[in-house]
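Quick notes on the structure that follows.
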Amino acid sequence: MSKTKQAEAKKSPEPLVPDPIEQMKERGKSPELAGALAWLLPGLGHMYAGFWVKGLGGLVFVFGLFAWGVILSGGEAVSLRKEGGHEYAFLAQLGAGGPTLLGLSYNHNKIPGLHYDPPDVSDPEHVEEFAARLPDNDTGLLFTMIAGLLNLLLVSDALNGVPGAMSRRIDDKRRERRLAALREELAEERAAKADEAKADDAQADEAQVKDAQADEAKADEAQAKDAQAKDAQADDAKPAEAAKEGEA
């Protein structure tokens with residue numbers, strides 16, 4: 001990494017533990033609205049915040065569990081009737097939000113076009129039928145209570161900015177930045193090695209040129225010496241030739 005980028009990183013250090021609520025607000029989302037939507041319909045707050053996988057998972061699991069409990073109990077699971085004994089369970093079911101209110105409205109005949117006929121426990125003719133349905137009613141009641149409590153976890157998660165999913169996104173971004181930095185360092189190292197190789201090649205070429213020049217200089221020097229030697233021999237031979245001519 002270059003010195004300039006290292007200096008910039010020192011000037012603006014990234015917080016070790018970013019606040020997921022602030023991260024959500026920076027993306028233009030409201031944690032309060034996400035929590036309200038999560039209570040209204042399981043998973044809706046996470047989908048609003050942009051976490052579709054987690055939101056769809058909450059919708060399928062929590063809402064599916066609640067709906068299964070209502071169907072299994074024949075609509076009796078969500079009720080405030082004292083004879084049914086569900087008024088305390090309703091506190092847990094209330095965590096499911098919208099589905100609970102919808103089931104309660106159906107159970108108390110508050111939905112136009114839908115009529116629910118609750119079993120008359122005081123009528124001896126319906127006692128055996130009601131007793132036979134008790135296991136399914138209790139199981140459905142348990143499912144709706146569990147769904148309500150689980151949805152409270154989703155509501156809390158949405159109100160806190162979905163910290164688990166946010167931390168994974170932050171880790172992914174950090175990993176991408178690290179990979180980008182490593183790629184940049186590798187590119188710089190490769191460029192430096194290429195420059196060194198070019199410099200070595202240039203030095204080798206220069207050395208070869210110098211060696212060739214030195215060899216040429218030696219050859220010229222040797223030729224010059226040979227020429228001098230021949231001239232000296234020629235000069236030595238001239239007196240002897242002159243003497244021979246004089247004798248002749």
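No value in this document is a laboratory result; all are computed from the given coordinates. Owing to the predicted nature of the structure, the values given are computational and were not obtained by experimental measurement. Neighbour counts run over all protein chains shown; Cβ positions are idealised from the backbone, glycine included.
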Residue by residue through the range 59-112, note down the ones that are within 41 Å of the chain's Cα centre (by Cα) and of a type in the set (Val, Ile, Thr). 60, 62, 70, 71, 78, 100
For the range 22-34, which residues satisfy the criterion of being out of contact with any Gly (no Cβ under 6 Å at 6 or more places or on another chain) and within 16 Å of residue 151 (Cα to Cα)? 32, 33
